[in-house]
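The values are calculated or read from the model by the stated rules, or taken from the named source; none is laboratory data. On a predicted model such as this, the values are computed, not experimentally measured, just so you know. Here the Cβ is made from the backbone with ideal geometry for all residues, glycine too, and neighbour counts use every protein chain on show.
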Amino acid sequence: MSIALSESGFDSITVDVVRHKLDGIAGEMQQTLLRSSFSPIVKEGLDASASLFTVDGETLAQACAIPVHLGTMIPVVERILKVFPLATMSPEDAYVMNEPYLGGTHLPDIAVVKPIFANGRPVAIAAAMTHHQDVGGMAPGSVPTNAIEIYQEGLRIPPLQLLSTGRMNETLVALIRQNVRIPDTVMGDLNAQIAACNVGARRIGELVERLGQNLVPKLFAILLQRSEERTREALRLIPDGTYRYVDYNDNDGIELDKQIRIEVAVTIKDGDFHCDFTGSSEQVRGPFNCVPSGSLAAACFAIRAVTDPDIPTNAGCFRPISLHLPEGSIVNPVEPAPVNARTATIKRIAGTILGALRPVLPDRIPADSCGEMLAVMFGGKRADGRLFVTGELIAGGSGAGPRSDGVDVIETDVTNCMNLSAEAMEMEAPIRIHQMSLRKDSGGAGRQRGGLGLVKEYEILEGEVRFTHRGERHFCAAMGAYGGEPGAMAVSTIHRTTGAVEIIPSKLVTTLHAGDRVTIETAGGGGNGPVAARDPAAARTDIRNGKISADVSTV
Amino acid sequence: MPRSWEIGVDTGGTFTDVVCRDGTGVFHTMKLPSSRSDPSQSVLASLHRLGEEISLVPQDISRFIHGTTVATNAVLEHKGAKIGVVTTKGFRDILEIGRQYRRDMYEPIIEPQTPVFLAPGQMRKDVAGRISASGEVVEPLDEVSLRSAVDELVDDGAQAIAVVFLFAFINPSHELRARELIEKWHPGLAVSLSHEVDPTFREYERTIATAFDAYVKPVVDRYLHRLETGLAERGARAPLQVMQSRGGLMAGSIARQRAVRLFLSGPAAGVVGGCIVGASAGAPDLITIDIGGTSADIALISGGKPLVRSEGLIGPHALRVAMVDVNTIGSGGGSIARVDRSGSLKVGPQSAGSEPGPACYGRGGEEATVCDASIVLGYLDPDYFAGGTFKLDPAKAREAVERTIARPLGLSVEAAALGIHRVLNTQMAEGIRHVSVRQGIDPRQFALIPLGGAGGLHATALARELGIHRIVVPRLPGVLAAAGLLAAPVEHEVTAAFTQPLASLDLAAMRATLSELDAKAAALMKAERIEPSAVIVSYHADICFIGQSYSLEILIDPQRPDLVERVYEDFLLAHERIYGHATRVPAKVVGLRTVHSAGGSGTLDDMRLPPSGGEVSQAPRWIWVSGRDTPVEAQVLNRAALTPGFSFSGPAIIQQADTTTLIEPGWSGVVDAAGNLVLDSHPEAL
C-alpha cells in the first residue's frame, strides 16, 4: 500500500500533525512569556503575545493572547525583515522595536523578533510583544492622556539589533535603561520575551529535524492555504455587498466637546473582506490616534469572529483582508501625532465592523457591546513620603445576543483584561474601595437584555493623588439591535471633601486629596429585540436578582 | 486468628473499583457498576460482594479508604446545596462580576463566565463592617443587618452560608463572629468562612472557593453520613478515610468540614497509584496518561511525589485549592474523526460516548472513532474487547473509516486509520508537553505510565513523539486508583497569607506564623488519631519577585540560620527551571504553608499477582504501524500468563482483560519482578 503521498512528497495527515504542533509551540511560547513577565499589566491584563511567522513574515501560528495583538505583529516583522534582510541574519540574533510609525502599535508595546535557523538556514521567525510597564516619557506608565506629540509618550525604538549571535547589544540596553522609570522590570520583561522566542526556536528546530528542511516550508504554505480557503468559504456565505456602520468615541481628552467618529464600509465580495474608513474623523490632537497596525488588528479580530472558530488562526485567515485608511484620519495619523491611547479607538473600530455586518449575520453578532475599557490610574505619595502608582482597566456590559442576555461587566472585542482585585489595590495604595457592584438598570432593555455596567467607588485615604480617568461611552450609548434599547451611558463623578461634586467629562487628569471619593459607573450593553417581547419570567428573575428596578420592567 | 483487612474503594462515573489486602500478601480486586443516584450504595454493595468472594467479615476491616466523585458531580450537574453568600458592604456582586475576563476570545456572543449558579443576586447579601488592608477594624460588624441578611437567605431556602469579608485572611474576627452568630440563630446551618477555605488575597477567587465549599458541604456531609452509617450497620468499626485533591487522606469527619478539598479525590488516588507503579519499577519521575473514552487525564510525578498545584479547575472555573496537577484534554478512544472542507482531518473533541459508541459497537454509530481505527489497524481483537465480554464489529469499523475519512482524503482505509492515530497522538503529546512545560519539566527524562482502557494502545507512539525512552505498563491499570488509596499518607495542609520582602524578612514573625499553622495542622492530625511522633512536617513559602503576581512554592527549613539566602537561591533555581530565566532582583514572601503527613507506604510490594498459567502466545496478527508502508507481523501475548523476566520485542500486542498494549517496532519489553511491563525504546533498531 502507499500512504497516498501527494506530489509535494508528504501526506495530508502530516499537515494536520504539524498544525497541532505549531499550536502547541505557540502555546508554549505564550506560557513562557506570560508567566515569567514582571509587568502587572501582562499578568492581569494578559497584554503580551507570542507568534510564529514564516520567513516571508506571514503569521504561522499565534497563541491565544488578546486579539488586539492579532495583526499587530505583522507590520513589525515586515519592517524588521525590510531593515535586516534575512540573508544578513544569523542564529542567536534578535531584533527589537516599538516605533508605531514604522509598524508598531504604541510605545509601551515592545516587540522582540528572532529568526529561527535549522542546519544553518532560516526556517521561521519567532516574535513576542509585551506591554511594558513604563518606557519613559512625560507620565509614569507611558500612556499620558494629555500627550499631543509622540515625543512625550516615551522612548521610541526603531528596528535595532538586540542580540548579535547571542550577545546582548549593551549599548542599546544602556540606552533603554537610562530612559525608563523602572529599568529592572523592563529588562526582566525583555528577557521573558527572548525566552519565549528561544522556546519557539528550539521546538521548530526539532520539527525541521524530524520532517526535513525542504518539506517544512511546503507544509507551512499548505497550512496557510487551508486557513485561507476555509475563511474565504465562510465569507462567501455572507451575501456580497457593502455594509456600513457608524459609532463614536467620546473625545480625545484635549478637545472635550468633540466626538470622534468611526465610520466603516465593509465590502464582502466573493470571499474578500474590504474595510473602508472614509468618513471617519480627522486625526485628533490627543493620544487616541490609531496607526495602521491597530485597524489591521481590529479587522483580523472581526474576520475571526465571523468565520468558523475551528479554522487554525494564521496568515491565511487574514489574506482576504484589505483596508482603506485615509491618510491624516484617526485610523492613519501623520507623525508626530500621539497614539498611546489607541486601544479605545481599536475597540470601537472592531465594534463598528461587527455592527456593519450584523444585518447579514443576525445570529452571529449581538447588539452593540459597550466596548468600553475604562482606565483609572492613581499615583501619589503616602503621608510618610513613599510613592505609589496603581490603576486598573474596567469593562462594562456586553450586547444582548439574539437568544441570550448580554453579560454584565465583561471584556469584549479586541481586549481581554482582568480587573484589579479591591484587596490588591488596597494593599498597594492608600485607597479604600467602598463598592464594586453591578449597575442596576444599565443594560439596554429588549427581548434580550444588554449586560450591566459596574459601579465602583474609591476613597483616597492619604496625601495627594494624581488621578487619571480615561473613559468612553459617556456621551454615546451602545446601540440596541432589532428594536432593543441602548445601554446606559457611563457616568463618573468626584465627591470632594469640600462638598463639591464634579462630573468627569470622559477624560480627566486631576488631583485628589485625602477624603475625596471617585465613583465610576461603566456603560451597559445594547438590548436585542423589542422590550415588549421579553419573557415576563425573565423580567421577574431580573427584579429578584436586583438587575432591574421593578418600575422599569413594568413599563 | 482474625484477619485485618485494608480496603480501598474508588468510585468513578461508571465503575466502583475495590482493592483489599490483609498485609500477608493476600489481596483481592473487584469492579462493580457505580450507582448514579447514590454512589454510597455501590460502596456498601462491595462489602457484601467481598463477603461472598473472599469471606471478608466487616469486623475485620482495619482501614476503609474512599475516593469519591460526589463533590465534583454536585458541581458539574449543578446539584449542590442552595446557598447564600454574605459579603462586606458594597461587594455582594463579586461572585458574578469575577475578573471580567472571557475564555473564548473570538466568540462575539458571550456567555456568563462566572459560576453565578452558585448564588444568583437574590441569594447574595452584604453587611457593613470593614477591615483594612493592615487588618484594623475600620468599622464594626453590623450584627443587626447580618441577622436580617441571614434570615432572608434562610427564608429563601439557603442550606449553607458562605461568608466572605474583605481582608478576613489578615483579620478573621468578623468572619468568626458571623459564624458564632449564625450558629446561634440557625443551629445546624452549614457555614463556610473565606479565611478558612482560602486564606489568600483577591476577593473573587476567595469568594468562589468559599461558595463552592458551601455548595458541596451539605452534599458531602449527607453522603459521608450515609456511608458511615451504612458501614457501622454492617459491623465495620474502622473509621472512614477519604482522599483529598492534593493526594493525602483525611478522616471522613474532617472531610465533611473541608468539602472543597475533595474535587479531585478520585484522580488524586489515581496519581498516587501511579507513584506506586513507579516505585515498584524503580522509576521516580513519571508522566501518567489515563485515556478513557471521551477524555484523557495527564499527571506528573517527580521524585516519587505527585506534583501539586495551588489552584485547579472545576468545570471551567479556576479554584484556588491545592490539588494534584491532573489535566484533562478532550481526546480519547471514542473521539470522533472528521474531515473538514479544506481537507483537514480533525479528531475530537466530539466523542461517540458509550451510546451509540464507536461504529464497531454496532449500536448505530455512523462516524469513525479512534477505536474504529484501532480495529482497522489490527491493534484490537474484535473478539477480545473488555476481556471478550463484548464483541466488536470490524466490518462496521472499516466501513466508517472508509466512508468518512479515507474516501474524502483519497487515502487507503489503513492510511486513513493511521492518520487518525497520528493526529490524536500529536494532540495528546502536545497536551502532555503543555503540562510538563508548565511545571518546568523536560518530558524526555520521565517514564510514561499509560492507564485506562485505551492508554496502552497509544503509549509507544506518545513516547516516541515526546522523546521518552521508557514506558511502564502496570499489571492492573484498571484498579490503580483504588490501590493508590491504600498507599497514600494521611495529610493536612494549612496555609496563611504572609507578605514581606525577603530582604527584610522578620524571621521571628515568620516562625510565629508557622507555629500557629502547626498548631492548627496538629489539631487536625490529632483528630485523625495519629501519634505526634509519627507526623512528618514540612514547611513551604510562596515566593515571587517583587512586582510579579504569580508565586512559586519553595520548600523551606525555618530553623536554618541562612534561611533568607537559601530561600532566595532555591527560588531563583525554581524560576530558572520553570521559566527558563531568573534575574537577581528583589523577591518577597506572599504565603506560608505547613504540611503534616503520616503513614503511607508509597508501595504495595505485597500486592503481586501470580502468573495465571496457560498459553503465553496467541496467533500472531498483521498490524499497520506508523512509518511503514506494509503491515508487519506482531506477536500477540496474553498478559496474565507472562512470568517475571519474560522478554520480547515489538511489534507485539499484549492483551489483558482491561486493556490492550501496542508495542511498535523499535521497542522491547520485559516483565519485572512486580509484574509491570517495562518497555524500552531502541531507536537505532528502526
Query raised in the report: Is one or more of the residues making up region A:99-114 acidic (D, E) and within 20 Å of the chain's Cα centre (by Cα)?
Result: yes
Query - Complete set of residues in region B:305-314 that are out of contact with any helix residue (DSSP H, G or I) (no Cβ under 6 Å at 6 or more places or on another chain) and modelled with pLDDT of 85 or more - result: B:K305, B:L307, B:V308, B:G312, B:L313
Report task. For A:Q133, work out the one condition from (1) at positive phi; (2) of a type in the set (S, T, N, Q); (3) in contact with a helix residue (DSSP H, G or I) (Cβ under 7 Å, 6 or more places away or on another chain) it doesn't fulfil. Result -> (1)
Query raised in the report: If you check A:G351, A:G371, which single one turns out to be of a type outside the set (K, R), buried (at least 21 other Cβ atoms within 10 Å of the Cβ) and in the same structural domain as A:A395 (by TED's automatic domain parsing)?
Result: A:G371
Requested in this report: Report, by residue number, each residue of region B:106-148 that is closer than 25 Å to B:P172 by Cα, charged (D, E, K, R) and free of Cβ contacts under 8 Å to residues at least 12 places away in the same chain.
Outcome: B:E139
Requested in this report: Report whether or not B:H66 is free of Cβ contacts under 8 Å to residues at least 60 places away in the same chain, out of contact with any Ser or Thr (no Cβ under 6 Å at 6 or more places or on another chain) and either assigned to a strand (DSSP E or B) or more than 13 Å from every other protein chain (Cβ to nearest Cβ) (or both).
Outcome: no
Query raised in the report: Do we find a residue being in the same structural domain as A:K114 (by TED's automatic domain parsing) and among the polar types (S, T, N, Q) anywhere in region A:239-255?
Result: no
Query raised in the report: What's the number of the condition A:D184 fails, among (1) within 20 Å of A:L387 (Cβ to Cβ); (2) acidic (D, E); (3) within 22 Å of the chain's Cα centre (by Cα)?
Result: (3)
Query raised in the report: Can you pull out the residues in region B:609-649 that are out of contact with any helix residue (DSSP H, G or I) (no Cβ under 7 Å at 6 or more places or on another chain), closer than 22 Å to B:R422 by Cβ and touching a residue at least 60 places away in the same chain (Cβ under 8 Å)?
Result: B:R621, B:W622, B:I623, B:V625, B:P631, B:A634
Requested in this report: Out of B:A619, B:A657, B:A641, report the one residue that is within 29 Å of the chain's Cα centre (by Cα) and surrounded by fewer than 22 Cβ atoms within 10 Å (Cβ to Cβ).
Outcome: B:A657
Query - Selection from region B:494-511 of residues that are of a type outside the set (G, A, S) and either more than 23 Å from B:A268 (Cβ to Cβ) or not assigned by TED's automatic domain parsing to the domain that holds B:L592 (or both) - result: B:F498, B:T499, B:Q500, B:P501, B:L502, B:L505, B:D506, B:L507, B:M510, B:R511
**Report entry** Residues (aliphatic (A, V, I, L, M), more than 7 Å from chain A (Cβ to nearest Cβ) and surrounded by 24 or more Cβ atoms within 10 Å (Cβ to Cβ)) located in region B:419-438
**Finding:** B:I420, B:L424, B:M428, B:A429, B:I432
Query - helices (runs of 4 or more DSSP H) (entirely within region A:150-261) containing at least 3 residues that are more than 14 Å from chain B (Cβ to nearest Cβ) and hydrophobic (A, V, I, L, M, F, W, C) - result: A:170-179, A:215-236
Requested in this report: May I ask you to verify whether B:G388 is away from chain A (no Cβ under 14 Å) and within 23 Å of B:R363 (Cα to Cα)?
Outcome: yes
Query - Identity of the residue in region B:96-118, more than 10 Å from chain A (Cβ to nearest Cβ) and of a type in the set (A, V, I, L, M, F, W, C), that ends up farthest from B:A211 (Cα to Cα) - result: B:F117
Query raised in the report: Which condition does A:A550 not pass, out of (1) modelled with pLDDT of 95 or more; (2) within 14 Å of chain B (Cβ to nearest Cβ), if it passes all the others?
Result: (1)
Query raised in the report: Conditions: (1) within 14 Å of chain A (Cβ to nearest Cβ); (2) of a type in the set (A, V, I, L, M, F, W, C); (3) in contact with a Pro (Cβ under 9 Å, 6 or more places away or on another chain). B:F167 meets all but one. Number of the miss?
Result: (3)
Query - Residue within region B:336-345 that is without any contact (Cβ under 8 Å) to a residue 60 or more places away in the chain and out of contact with any Ser or Thr (no Cβ under 9 Å at 6 or more places or on another chain) present - result: yes
Query raised in the report: Can you tell me which residue in region B:544-572 is farthest from B:T495 (Cα to Cα), limited to those that are within 14 Å of another protein chain (Cβ to nearest Cβ) and modelled with pLDDT of 90 or more?
Result: B:L572
Query - Answer from B:L227, B:L193, B:L189, B:L166 - the residue that is farther than 24 Å from B:L524 by Cα and either surrounded by 16 or more Cβ atoms within 10 Å (Cβ to Cβ) or touching a residue at least 12 places away in the same chain (Cβ under 8 Å) (or both) - result: B:L166
Query raised in the report: Can you find a residue in region A:112-124 that is within 30 Å of A:L256 (Cβ to Cβ) and either at pLDDT below 95 or acidic (D, E) (or both)?
Result: no
Query raised in the report: Is it true that some residue in region B:399-415 is farther than 20 Å from A:T14 by Cβ, modelled with pLDDT under 95 and in a loop (DSSP other than H, G, I, E, B)?
Result: no
Query raised in the report: Across region B:114-172, what is the number of residues that are β-branched (V, I, T) and closer than 24 Å to B:K217 by Cβ?
Result: 8
Query raised in the report: What residue, among those in region B:328-341 that are in contact with a helix residue (DSSP H, G or I) (Cβ under 8 Å, 6 or more places away or on another chain) and surrounded by fewer than 19 Cβ atoms within 10 Å (Cβ to Cβ), is farthest from B:H492 (Cα to Cα)?
Result: B:R341
**Report entry** region A:50-74: number of residues that are at pLDDT 90 or above, closer than 28 Å to B:L345 by Cβ and surrounded by 22 or more Cβ atoms within 10 Å (Cβ to Cβ)
**Finding:** 7
**Report entry** Residue that is among the aliphatic types (A, V, I, L, M), within 14 Å of chain A (Cβ to nearest Cβ), surrounded by fewer than 23 Cβ atoms within 10 Å (Cβ to Cβ) and under 15 Å from the mean Cα position of the chain (by Cα), where the choices are B:I314, B:I298
**Finding:** B:I298
Query raised in the report: Take the residues of region B:251-281 that are within 18 Å of B:P218 (Cβ to Cβ) and among the aliphatic types (A, V, I, L, M): which is surrounded by the fewest Cβ atoms within 10 Å (Cβ to Cβ)?
Result: B:I254
Query raised in the report: So, in region A:253-291, of the ones that are at pLDDT below 95 and in contact with a Gly (Cβ under 9 Å, 6 or more places away or on another chain), which residue ends up surrounded by the fewest Cβ atoms within 10 Å (Cβ to Cβ)?
Result: A:E255
Query raised in the report: Can you tell me which of B:D142, B:D93 is of a type outside the set (A, V, I, L, M, F, W, C) and away from every other protein chain (no Cβ under 11 Å)?
Result: B:D142
